[in-house]
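The values are calculated or read from the model by the stated rules, or taken from the named source; none is laboratory data. Please read these numbers as outputs of a predicted model, since none were measured by experiment. With ideal geometry, Cβ positions are generated from the backbone for all residues, glycine too; neighbour counts draw on all protein chains shown. SASA here: full protein model, heavy atoms, side chains in, ligands and nucleic acids out. Shrake-Rupley method; radii C 1.70, N 1.55, O 1.52, S 1.80 Å.
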Amino acid sequence: MAPSAVPVESGATPLNLGSLPGSLTTTFDDTLRFYLNGTRVVLDDIDPEITLLEYLRGIGLTGTKLGCGEGGCGACTVVVSQFNPTTNKIYHASVNACLAPLVSVDGKHVITVEGIGNVKKPHPAQERVAKGNGSQCGFCTPGIVMSLYALLRNNDNPSEHDIEEAFDGNLCRCTGYRPILDAAHTFIKKAPSACGNSKANGGSGCCMEGGGGGGGCGGANQNGDDQPIKRFTPPGFIEYNPETELIFPPALKKQEFRPLSFGNKRKRWFRPTKLEQLLEIKKVYPNAKIIGGSTETQIEIKFKALQYPISVFVGDIPELRQYFLKENHLEVGGNITLTDLENVCQEAIKHYGEKRGQIFNAMYKQLKYFAGRQIRNVGTPAGNLVTASPISDLNPVLLAADAVLVAKSLGENGIVETEIPMSQFFTGYRRTALPQDAILAAIRVPLTREKNELFRAYKQAKRKDDDIAIVTSAFRVRLNEDGIVDQCSLVYGGMAPTTVGAKTANSYLLGKKFAEQETLEGVMNALEQDFNLSFSVPGGMATYRKSLAIGLFYRFYHEFMLILGSSADEEVVPELEREISTGQEDREAAAAYMQETVGKSNPHLAALKQVTGEAQYTDDIPPLKNELYGCLVLSTKAHAKLLSVHASAALDIPGVVDYIDKNDMPNAAANHWGAPHYQEVFFAEDTVYTAGQPIGLIVATSAARAAEGARAVKVEYEELPAIYTMEEAIEKESFFDFFREIKKGDTQEGFKNSDYVFSGVARMGGQEHFYLETNATLAIPKHEDGEMEIISSTQNPNEAQAYAARVLDVAANKIVVKVKRLGGGFGGKETRSVQLSSIIALAAQKTGRPVRCMLTREEDMVISGQRHPFLGRWKMGVNKDGKIQALEVDIFNNGGWCWDLSAAVCERAMTHSDNCYSIPNMHVTGRICKTNTMSNTAFRGFGGPQGMFIAESYMNEVADRLGMPVERFREINFYKPGERTHFNQEIQDWHVPLMWGQVMKEAEYESRREAIAKYNVEHKWRKRGLAIIPTKFGISFTALWFNQAGALVHIYHDGSVLVAHGGTEMGQGLHTKMTQIAAQALNVPLENVFISETATNTVANASATAASASSDLNGYAIYNACQQLNERLAPYREKLGPDATMKDLAHAAYFDRVNLSAQGFYKTPEIGYTWGENKGKMFFYFTQGVTAAEVEIDTLTGTWTCLRADIKMDVGQSINPAIDYGQIQGAFVQGLGLFTMEESLWMRNGPMAGNLFTRGPGTYKIPGFRDIPQKWNVSLLKDVEWKELRTIQRSRGVGEPPLFMGSAVFFAIRDALKAARAQYGVKAKVGAEGGEDDGLLRLESPATPERIRLACVDPIVERARVLPKEGEKSFFIAI
């Protein structure tokens, strides 16, 4: 629980509840009664400050996870079953336990993932997700399972749309979502088509045909007639029977809802059950915080440190949850849930008809994409209104509709009702006209006329589902019989500090004849005046927001013209919608080399534990006696001298035990870490170099008290100039002492011999890891000899051990670091986890007590570093025939404030800046920019994707300048077998050209290219694009000494085998593959082999689990140990015969005193590159792949969807195809996020200048379930020979290489944008070497909707362009 990086507003004064006024006439109960997983719970000693999640985890139900704390990731999803007073039915609501106050579950049935099944007897939803490979790291899985469970409880015959919608509040960073959807689709009773992989459909076999184990399938059996068929149960799976579910406890049906009041001297909760009780509370305590869904309040408490000493939960007042279909309006209770409001809107449309119910259609449309289902299940319209968000989805609809709000308060003579027109409700930023002693009781929404009136609402966000709006709008226009506008209301959110009507436009439109071009032009001119945004406008995106304001009205205008039967720009009307996602995997890929165990598609070994909540992560370990909790004190300035740090106020807080900082280090050197430079410090010394840098640590008896203490530490700064971007660093020559270059041939001679010389710049932003489990550590002092046990969510136990020993001033043999599993890592826990584990170890040593810390999502994002942003300045010499002659590339990355791994990341980018292309003369240089952001670090691909992005950028831009199809340009320059890279490595086992041809054929690339060209000619506002991208990813650590691994294998008397190796399990299936290798090598069943954990006292000096080399390294080390054991057991196999079990062999060997333990070791042969000399082998081999992707973009808004993706990877002989497919799909979606939507932004000005703005799922968007390709085919290369591949089982590393395949979507977007620009005569001039008017499209990554829209050149965006005044800069900084 972190000190907020948002300026803390002063909350209400803590209340002395001993002096509560006695003027409340209601008698309140102080006991909570509810059911939990079928068992009655009665609580009368209740902490008023904890959430449902904290309660559940506190009593040991740790299957429910904390992922973000703001209801944005779904990891904490539970089901709350309750009687719904709106519908008078039992409803099973998926809710975010991290937001739900404990008071909200009184009288309800809470169901957690543990309550529906376990490993021995899983629920069908759990089993199918597990066996369908829908769980990798598993941290998000319980929440996903519970969302699916909630859907099935409410609807035992869901449609495909229902299933995709059910997950709109859940995020997964590992799987790519496809296998989860496939598993969920098996619950559909009748699907429109069977699984694409099914044999009945001509496929190679569905994963669910034959008992699972092999990945996703989604279809149900087809039935030729219209007769309903039985729900599809995959063979070997538990049948889903809704009748066997947990019943709604009969006692709850009879339980009387009593008014509740409980609390302590810090906070008191009230839970009235009648409106009068609520109004009385509000009269006595006018400052009381009214809470419906707590979706906003809990965020204010957690992240803004606001205090609400009197809080009133109003979710159980039936009067506020009713609705009435009146003659001329709909009246809905202010506290109706948004889910119920969706259903009420649909009922109202049926009741009033489509024409009179247009407003309800608009409301439903906005609600459908508002947050996730978990939020809509508890959020309310009253809460939405009173929050007064300027980007509310619902408020513009209500304002444009002239809705009336009904406020109620308690007067001298009873209840006083006040009507407040929506037009008068918002009085300023986050301020309303609601009286302090009143509550918002109801909303009256009028109807539209039968004819000559149109009402529509629109929303534009970074992604379709569960995202806050950039611009939201609602338009209502009514015409008289002559077609003259007699009423109009054009309302916008996201354009001003409040939801606002476009005054000039509304005034202009009134009285005008609608169906005239002059009217449209006049309104658009007026909108430009209404929203004349400055370049530095708060929230940024000035041009984009202005273009949306104009463009959305343009869309509305032409829809009305169509309805009126007038000529219209018909194509602009429909919005971009996506189809249900489907896909195929080649299940026969490993058939040629499949063995008894290796080569089989076994599900992740921990999958069943993960889906049932039994898998234990670091913070799931039960609290130890006398345990303390740590919270970091973080810098709020990007660059500043530390004048003073005072912890005295924090130490006065009850429960705060100690403050730890640099002064507690055993010596000055111990505070420094990060080999080889040791420039980084654990605790800031005299200066802070980035916002989020640790200054100290508060330890306390609870996480909440530690966070409170951290906020109370007073830090005085003297601010210093700060640098954020690569461009600033280059201008100011702010670099680390690092320079690398690779030279091949003579580039100057190459340029002389070229027909053309072109130059350009490629730029891409960074990426947040967003592993669902944040960094966590538990340090346990042993009180003898300075021993310490550290349990950490780290990819690098060896380094965690080394630095803990350093800060504790003991030898490494006194420190044991253990890792059971990680909830995702992606490189973010390779080095950055060491900072937390070392600090917590120091705290444990100082206090002599166990200390635990799990970073909040916000802390993790501001501390831990991201993927490096990169800038590549290139110059290419090329001939007219498309053959590249020479290339120079200057590469820069943004390292942040300290070294970390930036040098190695830059080196890998340099070695991948050729991608798959043979360039005879090449010169690449690399520099690291030193800035005042967090230290950027390893991230899946480790510079490789950035280097290849630079390569594909110059390939695209040069092809455009040559007037040549980029596909042909690539083919001309592909490497040939035996050629050498610019770093002098021979290309072997080269299959990219082969896969290129296969993907071209399988994806029907040429015919689709023709169809797309035709489509783009015929469509003005919709454009499609197509791209095919190759990849060549080098496998090995570039630091030679890391290419080694150890293993320990024990065989026990009963024939069971225990394996230990140095790799950590973080969802990638490493332990699963390693057990397969051991089982195959020892010729035992897979279930006989077990891996318990990774620990430094079983395998010493292990390399980090990284670089996609862990299966290669640890697999061979295990194989080496097994070979030793097989040699020892050989005499007994011969003696006892081929049918002897391992138990028989182990017994016989043991009694002959044969050692049944073996230590294995492996080091990668042949490799070793010398920089400067350009000699030696950099990588052991290259993993290769080719991907084709097709997109469609709505050029009016920048919205896009991926219509299809075809991925083919060469992973050698796969050890486990199901695991490899999961890695490919997950990496592709992560890459899709990197190149299209994930954008990190920093604050430029104000008190939070230099701080990260995108610090949680609310502002930082990773792909969701409905962002994956609509049609998604994945296959592995087969029927080839890998002559030079000398890895374990001849497999290739697969974790990182597929990530760059996501760039195919970026380049398909670029292709579509070229068509959009060409429509207006803007295209690259052939042979032009640069200049502003060369027509070339220069697209920066990520290709966000804003960047897509701004790359267009249609008249609407051109009139909306906002240029900076001299010295003016944008609101946000993109580093």
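Could you provide, to the nearest whole Å², the per residue accessible area of the chain with probe 1.4 Å? Before the final figure, lay out the partial values.
Numbers: 47490 Å² over 1375 residues.
Computed with neighbouring chains in place, this is 35 Å² per residue.
Here is the link list: K459/K1369; K1001/K1325; K503/K546; K89/K282; K609/K1073. Which ones come out longer than 25 Å on Cα distance? Too far apart for the 25 Å limit: K459/K1369; K1001/K1325; K89/K282. Any idea how far the Cα center of the range 623-672 sits from the one of the range 54-107, in Å? The distance from the Cα centre of the range 623-672 to that of the range 54-107 comes to 34 Å.
Once both labels are positioned 7 Å from their Cα atoms along Cα-to-Cβ, the gap between N1101 and V1017 label points is 6.8 nm. Highest average first, the peptides 781-794, 166-179, 843-856 ordered by how many other beta carbon atoms sit within 10 Å of their residues are 166-179, 843-856, 781-794.
Around the Cα centre of the range 385-541, unit charges on the Cβ atoms of Lys, Arg, Asp and Glu (plus for the first two, minus for the last two) sum to a dipole of about 320 debye.
A cut-off under 11 angstrom between Cβ atoms defines the neighbours of N335, and their net charge, with Lys, Arg +1 and Asp, Glu -1, is -2.
In this Cβ point-charge picture (+1 for Lys and Arg, -1 for Asp and Glu), the range 1109-1231 has a dipole of about 580 debye about its Cα centre. Take E718: with every protein chain present and a 1.4 Å probe, its accessible area is about 80 Å². Taking every protein chain into account, the 1.4 Å probe leaves S23 with about 60 Å² of accessible area, to the nearest ten.
Rank by packing, highest mean first: peptides 1321-1333, 26-38, 493-505, with packing defined as the count of other Cβ atoms within 10 Å averaged across residues.
Values: 1321-1333: 12.7, 26-38: 16.6, 493-505: 21.6.
For the peptides 1321-1333, 26-38, 493-505, the packing ranking is 493-505, 26-38, 1321-1333.
Think of it as helices only: each DSSP H run of n ≥ 4 in the chain is worth -39500 (n - 2.57), and spread over all residues that comes to -8500 deg cm²/dmol at 222 nm. Per the 1.4 Å probe, what fraction of the accessible area of the chain, in percent, lies on carbon and sulfur atoms? It is 49 percent, rounded to a whole number. For a Förster distance of 51 Å, can you work out the FRET efficiency between the beta-carbons of F1090 and A669, rounded to the nearest 0.05? Plugging the Cβ-Cβ distance into 1/(1 + (r/R0)^6) gives 0.80. Answer with one residue from H123, I470, G74: the one whose Cα lies farthest towards the positive end of the charge dipole of the chain, charges on Cβ with Lys, Arg +1 and Asp, Glu -1. Positive-most Cα among the choices belongs to H123. The stretch between S759 and E596, if pulled fully straight at 0.36 nm per residue, gains 53.2 nm over its current Cα-Cα span. Simple rule: put +1 on each Lys or Arg Cβ and -1 on each Asp or Glu Cβ in the chain, find the dipole, and look at Y724, L53, P396; the Cα lying farthest toward the positive end is L53. Within the straight-line cut-off of under 19 Å between alpha carbons, the lysines reachable from K1283 are K976, K1032, K1177, sequence neighbours fewer than 8 places apart in one chain being disregarded.
Label positions at A811 and N264, each projected 7 Å from the Cα along the C-beta direction, are separated by 4.6 nm. Summing charges over neighbours of G115, with a neighbour being any other residue whose Cβ is under 13 Å away from its Cβ, gives -1 when K and R count +1 and D and E count -1. One chain, two ends: L564 and T1170. Fully extended at 0.36 nm per residue, the span grows by 210.8 nm beyond their Cα-Cα distance. Counting only Cβ charges, +1 for Lys and Arg and -1 for Asp and Glu, the dipole size of the range 974-1127 around its Cα centre is about 1080 debye. A straight Cα-to-Cα reach below 12 Å connects K265 with the aspartates and glutamates D47, E49, residues fewer than 8 places away in its own chain not being considered.
Using the Karplus relation 6.51 cos²θ - 1.76 cosθ + 1.60 with θ = phi - 60°, the per-residue 3J(HN,Hα) values for the range 504-513 come to 5, 5, 4, 5, 5, 5, 4, x, 8, 6 Hz, with x marking Gly and Pro. In the range 746-847, taking the dipole from charged Cβ atoms about the Cα centre, the farthest positive-side position among I790, F826, G766 is held by I790. At an R0 of 56 angstrom, the distance between the Cβ atoms of V41 and A433 translates into a FRET efficiency of 0.85. Within a straight-line Cα-Cα reach of under 18 Å, K752 can be paired with the following lysines, leaving aside sequence neighbours fewer than 8 residues apart in one chain: K743, K744, K875, K880, K883.
Calculated FRET efficiency, F324 and D30, Cβ-Cβ r, R0 30 Å, to nearest 0.05? After rounding to 0.05, the efficiency reads 0.30. Of the residues K1135, K1278, ranked by 1.4 Å probe accessible area with the largest first, the sequence reads K1135, K1278.
Rounded, prolate or oblate: which fits the range 1146-1214 when a ≥ b ≥ c are the square roots of the eigenvalues of the alpha-carbon gyration tensor, with rounded for a/c under 1.5 and prolate only if a/b beats b/c? Provide the component values of the computation, followed by the final result.
Numbers: a/c = 4.50, a/b = 1.88, b/c = 2.39.
Oblate.
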